[in-house]
């Protein structure tokens with residue numbers, strides 16, 4: 001299991017958390033997504049390391065910006 005933390009900008013509410021969790025959670029190999037709304041940190045547990053551009057696209061689809069990995 002690989003845990004990776006990303007910084008996401010623009011999340012302000014529970015709906016934001018749900019949207020990011022759903023989009024990132026749909027990436028193949030992702031087992032768990034934990035979002036800390038206050039800090040903007042998104043921690044992803046996956047079977048193998050994820051391509052940051054795939055994560056960026058999922059966060060973008062949810063309507064937010066991945067600012068660092």
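Some observations on this one:
- In the range 41-60, the count of residues that are surrounded by 14 or more Cβ atoms within 10 Å (Cβ to Cβ), in contact (Cβ under 8 Å) with a residue 12 or more places away in the chain, farther than 20 Å from residue 1 by Cα and more than 9 Å from the chain's Cα centre (by Cα) is zero.
- Total residues in the range 41-69, condition modelled with pLDDT of 95 or more and in a strand (DSSP E or B): 8
- Among residues of the range 1-40 being out of contact with any strand residue (DSSP E or B) (no Cβ under 6 Å at 6 or more places or on another chain), free of Cβ contacts under 8 Å to residues at least 40 places away in the same chain and part of a helix (DSSP H, G or I), the one that is nearest to residue 55 (Cα to Cα) is 23.
The values are calculated or read from the model by the stated rules, or taken from the named source; none is laboratory data. All figures in this text were calculated on a predicted structure; none of them were measured in a lab. Here the Cβ is made from the backbone with ideal geometry for all residues, glycine too, and neighbour counts use every protein chain on show.
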